[in-house]
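Here's the structure we're looking at; comments come further down.
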Amino acid sequence: MGDSGTAASAAPKPARDRNRRGEGARLRDDIVAAAVALLDEAGDERAITLRSVARRVGIAAPSIYPHFPDQPAIMLAVVQQAFAELESKLRRAAEEAGDDPRERLYAVCNAYLEFSRTHPERYRTMFGGLWMPTLGDSSLTERDLTTLGEGALKLLVDALGGCVAAGCSTSADPAADAIALWLGLHGLAHQRAVTRIFPGPADIAERMISALARLSP
């Protein structure tokens with residue numbers, strides 16, 4: 001992937017001081033932070049190359065290899081960090097919603113939609129984008145990809161399960177219905193991102209959540 005001509009290919013930082021022994025983790029964090037910044041600035045994961053990240057951090061490109069064997073490995077770290085941030089926001093939304101299970105479910109769902117709205121570049125990249133390689137063509141494994149978002153999905157399952165336990169949802173399979181609910185949220189988030197004027201009622205999110213979660217009136 002080339003990196004010329006993009007807004008993200010900014011002037012390199014001054015050469016970075018060599019890490020002291022035991023500070024390799026700091027360089028790894030700096031590499032991921034540089035990749036996230038490039039993604040946010042360019043809005044395109046193609047801006048993230050080994051060379052562009054190295055320039056942003058202020059290191060030579062070969063210095064990346066002890067931490068990341070290839071560009072997809074850097075992208076995986078970026079996506080894992082984004083999912084961790086999403087999971088944190090969903091958990092905080094559930095906690096702040098209080099003890100009412102219906103309110104907790106709505107809070108988790110609305111926090112998901114808000115994350116997609118405020119971090120469009122990261123959100124798009126989290127769910128595929130151009131970065132996801134064919135297995136076998138990079139260092140990534142099937143488990144690396146299939147476990148993405150597990151924590152966030154569990155919070156959605158737990159929130160729906162709470163509604164079932166309280167008798168305000170008729171779902172007989174909260175795990176399966178939570179996946180259907182996630183797909184609905186994802187579709188709504190995508191349409192809001194790509195449509196200049198989104199058609200439909202103002203309360204479409206609430207209607208969709210109620211229907212897919214099988215909430216009682």
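Things to note:
- Against the test of being assigned to a helix (DSSP H, G or I), surrounded by fewer than 17 Cβ atoms within 10 Å (Cβ to Cβ) and without any contact (Cβ under 8 Å) to a residue 60 or more places away in the chain, the options 202, 211 yield a single qualifying residue, 211.
- Here the condition is being at pLDDT 95 or above, farther than 26 Å from residue 128 by Cα and assigned to a helix (DSSP H, G or I); of 104, 91, it holds for 104 alone.
- Looking across segment 143-193 at every residue that is charged (D, E, K, R) and more than 18 Å from the chain's Cα centre (by Cα), the one that is surrounded by the fewest Cβ atoms within 10 Å (Cβ to Cβ) is identified as 173.
- Inside segment 90-107, residues that are crowded, with 18+ Cβ neighbours inside 10 Å and of a type in the set (D, E, K, R) make up a count of 2.
- Just one of the listed residues (130, 140) is at negative phi and touching a Pro at 6+ places or on another chain (Cβ under 8 Å), and it is 140.
- Single residue of 125, 118, 170, 134 found to be of a type in the set (Ser, Thr, Tyr) and more than 25 Å from residue 44 (Cβ to Cβ): 170
The values are calculated or read from the model by the stated rules, or taken from the named source; none is laboratory data. Every value quoted in this text rests on a predicted model; they were computed, and no experiment measured them. Note that each Cβ is placed from the backbone with ideal geometry, even for glycine, and that neighbours are counted across all protein chains shown.
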